[in-house]
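Accompanying notes for the structure given below.
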Amino acid sequence: MHAIILALGLFAATFVVHWLWWRVRLPERQTITLLKLFLAALPIGLLAAYFVPGLTRFAPRDLWDVLLVAQFHIACTLSYACINSALQHDSPSLMVVTFVAMAGPAGRSAEEVGGILDDDLMIRPRLAELSAGGMIELVEGRYRLTPRGRKFTARLALLRRLFRLEKGG
Amino acid sequence: MVEVELLGPKTWLMLAPTVGLAADVVAHLTVTWLVPLKKLYPRLLVGGVCGGATTLGVTLAALDSAALGNIEAVAFVLFNLATFAALSFGYFNFVQLNVSALRVRLLNELYDVPEGIDAARLTAEYSAIEIVDQRLRRLVRGRQIEERGGRYYRRISLVYGIALAMDAVKWAVLNRRIRDNFRRRVSS
């Protein structure tokens, strides 16, 4: 039971640190910073449980306790990283539904929806993000994949075949 | 020296969510290749249910031979199911990223043209208008919004619920809301 309390407490404490940090100053590369913060919190939290008075009763008693805490923390970190990524870049479907809902009983025409959800909101931020992430580059007015982006996209194609998926978007 | 009992009840108690994730992946791939289910989400759902059941089964079997009180046993069941849910949610996102992410679609477009695509042509060919039209059609077909006389109306639906939940979390974490995108555009 102590390991469960440690795992829950550690993730909650890290989340509070993340929340305060993000409220004070938004990191430039949010996902990477978030992963570094949460993953660094794991060994720090485990060590704190052994050495900080008051926390020692929650200290792992064997390797399985350590792995139990680590498994929960890493699983929740990766899941939250997915959610946080979706918070940073609103999905087109959620934007469409929200924009339609904001109209109330009057509803929206396709032109109204298309008029507000334009390239500046949908396409250009994604291109800028892929560019900043080193996946694509703009050379003489043309976007093209970098070698890293090409390798990454080829791997995605393999996964798409494995999962029998259609092209995204 | 710390003694570690390999493959005892505690081992399986710890491993249950990971074993559940393995079952999730295997069931999802089995359904994908052997059952004529065209839609992705039912395939993922089958995987998730199999994985959850496996996690529960392994946890209960481990608890059967572990000397734990009732409260502790219930806590372990809930904890392992929560850990599995987090792992499964990660897998779900990993798979569906290939389907829904605009970024992936843009990468795919560029992969097919090694010499690159003119910036203006790229935004014109894969424009917001196309994305919005596609989304509107998909949302109406999936009964997530309603279309009457060429206008679109809100429906109480799963996607609307997700939009509200994401909006609340976005406000709590980033102090911004989805609707801020539109306010900025209207005011500029």
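The values are calculated or read from the model by the stated rules, or taken from the named source; none is laboratory data. Only a predicted model underlies this, so the values are computations on that prediction, with no experimental measurement involved. Glycine also receives a Cβ, built like all others from the backbone with ideal geometry; neighbour counts cover every protein chain displayed. Heavy atoms of the whole protein, side chains included, go into the accessibility calculation; ligands, DNA and RNA do not. Shrake-Rupley method; radii C 1.70, N 1.55, O 1.52, S 1.80 Å.
Percent of accessible area on chain B owned by carbon and sulfur, 1.4 Å probe?
63
With N denoting the number of residues in the stretch B:1-62, provide Rg(C-alpha) divided by 2.2 N^0.38 Å, to two decimal places.
So the stretch B:1-62 has a normalised radius of gyration of 1.40.
If I require 18 Å or longer along the helix axis, counting alpha carbons, and a Kyte-Doolittle average no lower than -1.0, what helices from chain B are left? Use full DSSP H segments.
Helices passing the filter in chain B: B:9-34, B:40-65, B:70-100, B:128-141, B:158-174.
Let me know the volume per residue of the alpha-carbon convex hull for the stretch A:7-52, in Å³.
So the per-residue hull volume is 67 Å³.
Need one number: the % of Cα-Cα pairs in the protein assembly as shown sitting beyond the 40 Å mark.
Result: 22 percent of Cα pairs exceed 40 Å.
Only helical DSSP H runs with n ≥ 4 go in: add -39500 (n - 2.57) per run for chain B, normalise by residue count and round the 222 nm mean residue ellipticity to 500 deg cm²/dmol.
-25000 deg cm²/dmol
Just tell me how shielded A:147-160 is by partners: mean number of partner chain Cβ atoms within 10 Å of each residue's Cβ, no decimals.
3
When the accessible area of chain A is split by element with a 1.4 Å probe, what percent falls to carbon and sulfur?
C and S fraction of accessible area: 65 percent.
Using only the Cα atoms of the stretch A:103-169, build the gyration tensor, take square roots of its eigenvalues as a ≥ b ≥ c, and label the shape rounded, prolate or oblate: rounded if a/c is under 1.5, else prolate if a/b is larger than b/c, else oblate.
Oblate.
For chain A, what does -39500 (n - 2.57) per DSSP helix run (n ≥ 4), summed and divided by total residues, give at 222 nm, in deg cm²/dmol to the nearest 500?
-23000 deg cm²/dmol
Calculate the all-directions average of the projected area of the stretch B:1-114's alpha-carbon convex hull, and give it in nm².
Result: 11.0 nm².
Would the stretch B:43-166 count as rounded, prolate or oblate if I go by the C-alpha gyration tensor, calling it rounded below 1.5 in a/c and otherwise prolate when a/b exceeds b/c, oblate otherwise?
Cα axes put the stretch B:43-166 in the oblate bin.
What number do you get for the stretch B:95-188 when its Cα radius of gyration is normalised by 2.2 N^0.38 Å, N = residues?
So the Cα radius of gyration is 1.33 times the expected 2.2 N^0.38 Å.
Taking square-rooted eigenvalues a ≥ b ≥ c of the alpha carbon gyration tensor, is the stretch B:63-120 rounded, prolate or oblate, where a/c under 1.5 means rounded and, failing that, a/b exceeding b/c means prolate?
prolate
Peptide B:68-75: average number of partner chain Cβ atoms within 10 Å per residue?
1
Could you run the numbers on buried accessible area between B and A, total for both chains, 1.4 angstrom probe, in Å² to the nearest 100?
Rounded to the nearest hundred, the buried surface is 8200 Å².
What is the count of Lys pairs in the protein assembly as shown whose alpha carbons sit under 28 Å apart, if the two are 8 or more places apart or on different chains?
Eligible lysine pairs with Cα atoms under 28 Å apart amount to 6.
Please list, short to long, the whole-number percent of alpha-carbon pairs of chain A in consecutive 5 angstrom bins beginning at zero.
With 5 Å bins starting at 0, P(r) equals 1, 7, 11, 12, 13, 13, 12, 11, 8, 6, 3, 2, 0.
Accessible area per residue of the protein assembly as shown at 1.4 Å probe, in Å²?
Solvent-accessible surface per residue comes out at 52 Å².
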